[in-house]
Amino acid sequence: MCGIVGYIGQKQAAPILLDGLAKLEYRGYDSAGIATLNDGKIDVAKAKGRLAVLSELTDEGKNVPGTVGIGHTRWATHGEPSDINSHPHVSMDGRFSVVHNGIIENYISLKEKLISKGFEFKSETDTEVIAHLFEYYYNGDIIDAMIKVINRVEGSYAIGVLCADYPDQFVAVRKASPMIIGLGEGENFIASDVTAILNHTRNIYYLEDNEIVILKSDGVKVYNTDKEEVEKEVFTVNWDVSAAEKGGYEHFMMKEIEEQPKALRDTISPRIKDGRIVLDDISLTAADIKAIKKIFIVACGSAYHVGVVGKYAIEKMCRIPVEVQVASEFRYCDPIVGKNDLVIVISQSGETADTLAALKEAKSKGARILSIVNVVGSAIANASDDVIYTWAGPEIAVATTKAYSTQLAVMYLISLYMADKLGMVTSGQYKKLIEQIEALPDQVAEIIKQKDKVQYLASLFFNSQSIFFIGRNLDYAVSLEGSLKLKEISYIHSEAYAAGELKHGTISLIESGTLVVALATGRELFDKTVSNVKEVKARGAVVIGLTTESQTYMSEVADHVITVPDTDEMLLPSLSVVPLQLFGYYVASLKGCDIDKPRNLAKSVTVE
Ligand code: F6R
């Protein structure tokens, strides 16, 4: 959601801003705009629609002069997508121009106050109050004005501000919304994430809440809200520029599906040394683990689906009760969570508003927070007691694939690590599981090689109206993800059901030709799921059975069969999800959908 880029240097700012915004398109947006400072005057260009519209309007930025500027892609929250509601917003006196990502929760009362002081509003956005507040509080010192503004606004924000009185600098701040500072040679940047500036620099600052940044072409200074300068550590991003580019693929989603073996290896290998799991990243001791009464897993969307796998894995291996909840519910159900509880928070972006709020709720009640996050230095990582990073690299496609897979891998590592500390696994079981975890990247690569078969199946069913995914236990957890992958990018209605639950109502939706994807990888419940396959077939369903290579009986009941290699039952979700990712991708591709940027969706959901 909303992307921000800012530039100051020797080059013309506008083309650099447009290029940076293009790298942030994946976050989701419906309008875009830029503002530059030139000869003490602010120029603004903004337009509803794709960046191409803004690019055409500005002749690829060439007709917007100035070597300092800010840019924005807007995902509408307050007010419809329109030219007027697009950012940047400008103060009434034209001195300030503002881009903002986040929500100003008290904007109505601020707006009323400003209107009573004679300010006129042009847009319906919450952001416009920030531009007017700058004018209201400005006394000739931009940092003083910034401090007053952030003292007045409530909510989340990443803000970039141009001030016509300061032609050689611009100012930025963030709180609970993402923004990093890029440190170049004779040029400096702000951006919602590093992908926007990787072409220019890999050296960045991560910001704490309410640190105020003054960017000039020859340097960056960071201040706290007492106006004292803060020393920042430079962090060097090790991502390759190509990691954030399509590299010949038609879609990021397919590139990221194919990157899964590497992403898994990068996430698993550094954490297994001499056959033992080493979680240097976390401070959880054996005594801490023994003291845990209950574990909560809290996340949204696909990350929540990882949590559903996590519940099965941890309960089975550690015999600690686990409750898995979607973050948007957790925070409002007055959760009974406290000092002896561990809350595992999962998030690719590390900035999902609901997940962050749930984390804060749990923390305020005394729980210990362990997060699994992909984006280094993100808000969720910063707010956690311990973080285990998934080393998936940048994930650009809105539909997650490699982040999901690496989250699963971390979940297995945590489960086994804790089980070992609790004395719940024998050394033989431990050794075997480690070997099987280490084999996952190659097994995933093998499955990807069979993508033609999945593409063929997609060609048979891409005209379906409705598709059901069923499974039991871990297979149910993966059904949830398979169903979401399909519906979010292909817009085909789909539901995931615990296989045994279907006959308690939903089976009435099965009619002749309805596709049911039946997951039956788990050995223990294979026969039970096969019975459910027979039930739906008896009502006219066509069934794709997804099972392991050794469970050959599936071919006698299902119309089509996809197999994955055998491994320990706990690890099977890592394998069975891959054909489902491919299935969703190919169905969407055959339907001609915008796979990387599905309608209405944003990559990082920074609003509730
Ligand atoms: C689905 C998908 C979303 C995210 C969810 C959480 O493909 O990507 O369901 O999993 O929005 O996002 P993060 O992991 O960034 O917190």
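The values are calculated or read from the model by the stated rules, or taken from the named source; none is laboratory data. Fair warning: this is a prediction, and the values are worked out from it, not measured in the lab. Cβ coordinates were reconstructed from backbone atoms using ideal geometry, including for glycine residues, and neighbour counts include every protein chain displayed. To get the accessible areas, we keep the full protein, side chains included, count just its heavy atoms, and leave off ligands, DNA and RNA. Shrake-Rupley method; radii C 1.70, N 1.55, O 1.52, S 1.80 Å.
Brief remarks follow.
- Note that segment 257-362, at 37 °C in a medium of 0.692 mPa s, gets a Stokes-Einstein diffusion coefficient of 217 µm²/s from its Kirkwood radius over C-alpha pairs.
- Pairs with C-alpha atoms separated by more than 19 Å, drawn from the list K117/K148; K293/K365; K11/K232; K293/K432, are K11/K232; K293/K432.
- For segment 199-312, the convex hull drawn through the C-alpha positions has a volume of 233 cubic angstrom per residue.
- Of interest is the spacing of the C-alpha centroids, which for segment 68-139 and segment 457-501 amounts to 43 Å.
- Here's how it looks for I562: its modeled amide H is under 5 Å from those of G545, L546, T547, which are all 5 or more places away or on a different chain.
- Value of Rg to Rh for segment 161-263, rounded to two decimals, is 1.06; Kirkwood radius and Rg both from alpha-carbon coordinates.
- The convex hull of the Cα atoms of segment 90-242, projected and averaged over all directions, covers 9.2 nm².
- 21 Å tail of the calculated P(r), segment 430-516, as % of Cα pairs: 45 percent
- Selection from P15, L110, A45 lying farthest towards where the dipole of the chain points positive, charges on Cβ: L110
- Sparsely packed trypsin sites (Lys or Arg not before Pro) within segment 224-286, loop by DSSP, other Cβ within 10 Å at most 16: K227, K246
- Shape analysis of segment 1-107 based on the Cα gyration tensor places the equivalent ellipsoid semi-axes at 20, 16, 12 Å, largest first.
- Computed from the alpha carbon atoms alone, the convex hull of segment 299-433 holds 101 Å³ per residue.
- Three semi-axes of the equivalent ellipsoid, segment 65-156, Cα gyration tensor, whole Å, largest first: 18, 17, 13
- Radius of gyration and Dmax over the Cα atoms of segment 485-542, both given in Å: 11.9, 34
- Under the Debye formula (equal points on every Cα, no solvent term), log10 I(q)/I(0) of segment 521-562 at q = 0.18, 0.33 Å⁻¹: -0.43, -1.28
- Sorted largest first, extent of the chain alpha carbons per principal axis (Å): 77, 55, 44
- Dipole magnitude of segment 366-509, debye to nearest 20 (Cβ charges: Lys/Arg +1, Asp/Glu -1, about Cα centre): 200 debye
- Placing +1 on the Cβ of every Lys and Arg and -1 on the Cβ of every Asp and Glu, with no other charges, gives segment 272-421 a dipole of roughly 400 debye about its Cα centre.
- Three-way shape label, segment 41-104, alpha-carbon gyration tensor, a/c 1.5: oblate
- Cα-based Kirkwood hydrodynamic radius, segment 467-608, one decimal, Å: 15.4 Å
- Segment E495-W239, extension gain: residue separation times 0.36 nm, minus the distance between their alpha carbons: 88.5 nm
- Rg(Cα)/(2.2 N^0.38 Å) for segment 1-51, N = residue count: 1.15
- Accessible area (Å², per residue) of segment 292-404, counting only protein heavy atoms and a probe of 1.4 Å: 30 Å²
- The aspartates and glutamates within cross-link reach of K262, meaning a Cα-to-Cα straight distance under 20 Å and a gap of 8 or more places when in the same chain, are D240, E245, E250, E395, E435, E438, D442, E446.
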